[in-house]
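Here is the structure we will look at.
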Amino acid sequence: MDRSKDQGDSIPTPDSAPEGVIISPDTLRQNRLPSGQSRTKKWPVLDASGPPSIDLNRWKLRIFGHVGQPVEWTWPEFLALPRVRVFSDFHCVTRWSRLER
């Protein structure tokens with residue numbers, strides 16, 4: 001079994017983030033686990049049958065509606081966008097939380 005995404009018992013802190021990483025202010029709280037949430041140390045399986053087949057030659061991300069200027073990207077254009085790294089926690093509506101993801 002692949003354990004590369006498992007987290008240890010210690011809770012990662014923003015102090016351990018590499019230089020240049022954006023720190024989410026929520027990770028600076030003393031109690032980072034919201035009420036009713038349970039901490040998970042591994043990512044749950046969210047789709048037992050695997051990802052769907054997607055034709056990346058036809059894939060597009062389109063942002064429109066109540067926005068200042070609609071925009072659309074193809075897959076290569078999307079991959080070429082600048083990236084940043086963020087130190088943050090992930091809280092799922094199904095009541096689990098992964099700290100520092």
Phi angles of the stretch 87-98, converted by Karplus (6.51 cos²θ - 1.76 cosθ + 1.60, θ = phi - 60°) into ³J(HN,Hα) in whole Hz with x for Gly and Pro, give 8, 8, 9, 10, 10, 8, 5, 8, 6, 10, 10, 10
Using every pair of alpha-carbon atoms in the stretch 58-101, split the distances into 10 Å bins beginning at 0 and state the percent of pairs per bin, rounded to integers. 22, 26, 39, 14
For I23, which sequence-distant residues (separation of 5 or more, or a different chain) have an amide H within less than 5 Å of its own amide H, given hydrogens modelled in the peptide plane? F87
Amide H to amide H, which residues 5 or more places from T40 or on other chains are under 5 Å from it, using H placed in the peptide plane? S97, R98, L99
Residue by residue through the stretch 77-84, which ³J(HN,Hα) values in whole Hz follow from phi under the Karplus form 6.51 cos²θ - 1.76 cosθ + 1.60 (θ = phi - 60°), with glycine and proline marked x? 5, 4, 5, 7, 5, x, 10, 10
For the stretch 15-101, share of DSSP beta bridges that run antiparallel, in % to the nearest 5: 60
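Taking a ≥ b ≥ c as the square roots of the Cα gyration tensor eigenvalues, with a/c under 1.5 meaning rounded and otherwise prolate when a/b beats b/c, else oblate, which class fits the stretch 1-71? Intermediate results must be reported in sequence, preceding the final value.
Numbers: a/c = 2.12, a/b = 1.36, b/c = 1.56.
It comes out oblate by the Cα gyration axes.
All of the numbers you see were taken from the coordinates with simple rules; none came from a lab. Only a predicted model underlies this, so the values are computations on that prediction, with no experimental measurement involved.
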